[in-house]
Structures are given as structure tokens and as C-alpha cells.
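Encoded as C-alpha cells, the structure appears first; notes follow it.
Readers should treat all values here as calculations from the given coordinates under stated rules, not as data from a laboratory. Note that the coordinates shown come from a computational prediction; the quantities given were computed from them, not determined experimentally. We place every Cβ from the backbone using ideal geometry, glycine too, and count neighbours over all the protein chains shown.
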Amino acid sequence: MSFTEAVFRVVDVSGCPYYQKGDEFKITGNALLLEHNKGSKFISTVIIDMPSKRRECRTLISELTKILVEHERVDRIPDRVMSCGMCHGEIKLEHKKGTAIALVEDIKQHGTDAATIASILSNFSIFKTLDDSSLRDFVSLLRLKKYAPGDTIISKGDLGKNLYIILAGLVNVADEDGISITKLRNGEVFGEMSLISGDPVGATIKVLEPTTVLFIKGQDFLKVLNRFPSLQMYFARLLSRRLAKSNVMISKEFSSGMTGTLSQMPPVELLQTLNYNQKTGTLKLNLSKGPATILFRGGAIVQAVYGPTMDKFAFFSILGEKQGRFQFVPGLTEQEMALPELGMFMELLMEGLRKMDEAVRV
């Protein structure tokens with residue numbers, strides 16, 4: 001089964017009643033002529049993913065199908081511009097092949113099954129959290145892309161779009177001044193912080209050696225975390241290690257109390273740091289709707305208050321704030337130390353992020 005796809009994007013519209021500029025049509029499948037001792041057989045499997053909430057134009061579907069028949073496989077369709085003007089309107093669509101192809105197609109070379117690919121990837125630390133069945137499912141969500149030395153994969157300040165896993169190669173992680181923070185190699189992951197927090201990318205990733213990465217689209221990332229709970233723990237540990245390295249000085253200052261702004265340290269990063277460092281105390285926040293507090297005991301959250309809301313609902317509301325000031329005060333009272341945990345920290349965080357994502361979609 002092929003997972004490659006060709007994307008045709010509408011670049012010009014003149015009187016078409018169905019489609020608008022920017023609409024995309026995704027084509028998957030094959031159109032092959034097979035010859036054997038009993039003659040020839042033509043086999044075509046064409047799937048066209050239409051733009052959402054748009055009517056189906058059978059004329060355009062026919063034209064896109066002809067292109068696949070002409071080139072046999074979607075990965076063979078070259079860069080091209082096509083027109084469809086069979087009715088009273090006309091549109092132009094553009095296809096750019098690019099370098100991103102399905103992982104299955106690249107590694108399988110049209111001959112190896114998903115189980116073999118899963119076996120290859122099982123040595124990567126991120127995939128060791130998945131059982132064989134889950135890993136085979138996860139493979140179908142991954143895409144592969146190759147970069148040359150000097151290429152920039154993501155830039156500081158960009159919105160997070162994908163989660164990346166280095167299959168082979170070497171990349172440099174640099175701050176806004178171009179100073180190297182660290183280097184990442186085979187099996188290491190990047191891009192997850194921006195996707196989880198919703199904040200812009202915090203560093204620039206530039207390629208040092210020919211590099212091949214696997215990636216999963218950002219809109220699928222939280223779905224994957226919900227679908228594969230074991231990955232939640234993997235990313236919890238990964239984020240904790242990242243935060244531990246980048247916030248060594250901040251962690252020391254927390255022992256005596258600290259103040260700051262959410263624009264400098266967003267809620268996700270702030271809460272992760274307190275959790276990882278197993279802090280006990282009160283996080284006080286001055287936010288858009290008034291004051292808020294979160295109580296930590298050994299890194300676990302035992303209480304959250306924000307205006308009239310309490311506990312989980314307050315925690316979820318605080319998580320979505322972008323502006324405000326905070327102060328961490330070490331220590332809790334005996335009564336506060338006896339409070340029960342609101343739940344596992346990573347589960348609370350993922351549930352809050354999922355609610356934020358759903359609110360954005362609405």
C-alpha cells in the first residue's frame with residue numbers, strides 16, 4: 001500500500017462556483033498496467049481528498065485522475081500547473097513535488113512491509129515506548145524529508161508546524177544571536193516544545209551534515225499523544241530534560257523564590273520546570289482576569305485557584321494565559337501539605353492543551 005500523496009493547490013480562480021484560491025486536492029494511489037501470460041490488466045486505485053466543505057466537481061476529479069493515469073504513481077507526478085475550464089468558470093491548480101515523501105514509500109522501496117519498517121525504527125528511543133502493533137500504526141503517520149548542509153529546518157520565532165525526529169545526520173540548535181546551544185543527532189527529537197505550548201519556536205535548527213528527518217504534522221501531534229499514552233511519558237521526560245538544561249540558573253533561583261513574566265516564561269514551561277524540580281510552594285500569578293495561585297507539593301499540583309474557578313478548571317484557564325506576572329514562594333502550610341493531588345501532572349497538562357486546541361478550532 002502506498003502512502004505517498006500529490007497535492008494540487010488552487011492558485012487562480014475565475015468564475016468557478018465550487019472552489020477558492022488556496023483550496024487543496026490530495027491524491028493517493030496507483031494506476032498500473034500489468035502484463036502476464038494471460039494478457040494485460042490495467043489496475044487503478046485513486047483516492048482524491050477534496051477540500052473540506054466544498055462541493056464535488058466530477059469534471060475536475062476526472063482531470064486529476066487522468067494525471068495519475070499518465071504518470072502511474074503519485075510520486076512520479078512532476079511539478080506542473082493544470083487548468084480546469086470545462087464549465088462556465090475556470091481554475092488553475094499547481095503541484096510542487098518538493099522533497100517530502102511518505103516514510104513507507106522511501107524505506108520500503110515498494111517492497112518491504114510496515115512490520116519491517118517498524119522493526120527498523122524500534123531502536124529509536126522515542127519508538128521504544130510503543131508496542132509492535134502501536135508502532136506499525138504510528139509508521140503510517142510519519143513523513144520523511146531530506147536536507148542539505150546549510151538548510152534551515154525551523155527558525156526561532158516561527159509558529160510550530162511539525163514534530164521532527166532525526167533519522168540520520170547532524171543539526172545545530174542556535175539562539176537568536178546565532179550562538180550554538182547544542183547539537184542533535186540520530187534518534188533525537190525537536191519541535192515538540194512549540195507544538196505543546198503553542199508558543200513560537202524558541203531556537204533555530206540548521207543542518208550541519210546531510211540530514212534525513214521523519215516528521216509528523218502539528219495538527220496530528222496532540223491526537224498522537226492521546227492515541228498513544230506511552231508517548232506522553234516520553235515527552236514528559238524529554239521536556240523535563242530540555243528544561244533542566246536551559247533553566248539551570250532559573251532552577252537555582254526558585255529555591256529562594258522568583259518573579260517573572262509569562263511573556264518570558266510561558267505557563268507550560270513554567271509549570272514543567274516546577275514539576276521537574278519537584279518544588280514545594282505557591283505559584284502566585286497576576287493575570288488578565290485577576291490573581292491566581294497553584295500549590296505544588298514535590299512537583300505535584302495539589303490546588304489551583306483562578307477567580308471563581310478551582311482546581312482542574314482553574315489550572316486549564318491558567319494554562320491558556322499569555323500575559324501576566326508570576327512569583328514562586330517556597331513552602332506550604334501543614335494543611336496545604338495534606339491536600340490530595342489533582343491528578344498526574346502530564347495528564348493534566350495534556351488535557352489542558354487538548355482543551356485549548358479544541359477552543360481554537362471552535
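Quick rundown of the values:
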item	result
Shape category assigned to the stretch 311-362 from the gyration tensor of Cα positions, a/c cut at 1.5	oblate
Prolate/oblate/rounded call for the stretch 166-210, Cα gyration tensor, a/c under 1.5 rounded	oblate
Leu167 long-range amide H proximity, modeled H, under 5 Å	Gly187, Thr212, Val213, Leu214
Contact order normalised by residue count of the stretch 247-361, Cα under 8 Å, 6+ apart, percent	29
Fully extended contour minus Cα-Cα distance, from Lys312 to Lys21, at 0.36 nm per residue	100.5 nm
Difference of contour (0.36 nm per residue) and Cα-Cα distance, Lys161 to Glu90	22.4 nm
Cα-Cα over 28 Å, subset of Lys53/Lys217; Lys217/Lys322; Lys53/Lys223; Lys217/Lys355; Lys21/Lys289; Lys183/Lys322	Lys21/Lys289; Lys183/Lys322
Residues of type aspartates and glutamates that Lys161 reaches as a straight line, Cα spacing below 18 Å, ignoring anything fewer than 8 places off in the same chain	Glu24, Asp151, Glu188, Glu192, Asp199, Asp220, Asp357, Glu358
Test item: Cα-centred dipole of the stretch 247-361, Lys/Arg +1 and Asp/Glu -1 on Cβ, debye	280
Extension reserve of the Arg76-Ser230 stretch, reckoned as 0.36 nm per residue once the Cα distance is removed	51.7 nm
